[in-house]
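The values are calculated or read from the model by the stated rules, or taken from the named source; none is laboratory data. Remember, predicted model here, so these are calculated numbers, not experimental data. Please note: Cβ atoms are built from the backbone with ideal geometry, for glycine as well, and neighbour counts cover all protein chains shown.
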């Protein structure tokens, strides 16, 4: 059986530990966005996890929306050629801990086939994983499959995979002022006049600056009943994180 192993970079981009109170989902803890954190993912963007989000559905308070963002920043001109990694090469996962031990109890697994612009996505889960940890195999059971760039509905579950505006907000030029050792060689960002230890805000002569405005990422979005994720024994509390992995042998 083919196994997928994590790429040799930091894969956990963002952790949201959420609490369900009745039908309301609230984020209790947020940890770190992560874009292009190493030369390895800059060379292979399909493995770059940017952010993971978990929030209540706007249309149904009994549902939770999970989002795995990858490959940012993608310019509008690059969007048509952007694609998820293909099945047999890349495995995308959202992992759920609903017992409080920081180990996945459920996984949602996503694989892709076809060329850019005409890919198909397959989602498996949420199911109990075959393995816990870094090396994973595909789980068995019913799955959802359809075209990317469209909303796929199966029962109470909705799935979308494709390019979307990157929601992360950062003033990157000022970030390089605060942490100059992170500035890439040959970087041409203008030097802001804002004090070194302060990001530009929406006041005075230094309006807020969002470097990622107009850039896309490749997003995997799932809406499903919160009851499919939670464990009554932990009063609805769960954690979620995202990974990308690459296949190595059988």
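Of the residues screened, residue 58 is one that is in the same structural domain as residue 238 (by TED's automatic domain parsing), at pLDDT 80 or above and outside any strand (DSSP E or B).
Considering 79, 148, the condition of being in the same structural domain as residue 240 (by TED's automatic domain parsing) and closer than 22 Å to residue 246 by Cβ is satisfied by 148 alone. For region 112-143, a residue qualifies if it is on the phi > 0 side of the Ramachandran plot, under 19 Å from the mean Cα position of the chain (by Cα) and in a loop (DSSP other than H, G, I, E, B), and exactly one does: 133. The selection criterion, being touching a strand residue (DSSP E or B) at 6+ places or on another chain (Cβ under 7 Å) and in the same structural domain as residue 68 (by TED's automatic domain parsing), does not hold for residue 117. Quick test for you: out of 163, 192, pick the one residue that is farther than 24 Å from residue 76 by Cα, at pLDDT below 90 and touching a helix residue (DSSP H, G or I) at 6+ places or on another chain (Cβ under 6 Å). Testing whether each residue is farther than 24 Å from residue 76 by Cα, at pLDDT below 90 and touching a helix residue (DSSP H, G or I) at 6+ places or on another chain (Cβ under 6 Å) leaves just 192.
Of all residues in region 80-121, those satisfying the criterion of being within 28 Å of residue 172 (Cβ to Cβ) and crowded, with 16+ Cβ neighbours inside 10 Å are 82, 83, 84, 85, 90, 92, 94. Taken as a whole, region 217-224 holds at least one residue that is at pLDDT below 90 and surrounded by 11 or more Cβ atoms within 10 Å (Cβ to Cβ). The listed residues are 238, 211, and the only one of them that is at pLDDT 80 or above and over 16 Å from the mean Cα position of the chain (by Cα) turns out to be 238.
The set of residues in region 144-169 being surrounded by 16 or more Cβ atoms within 10 Å (Cβ to Cβ) and part of a strand (DSSP E or B) consists of 144, 146, 152, 157, 158, 159, 160, 161, 162, 163, 164. Criterion applied to 109, 93 was being in a strand (DSSP E or B), free of Cβ contacts under 8 Å to residues at least 60 places away in the same chain and on the phi < 0 side of the Ramachandran plot, and the one residue passing it is 109.
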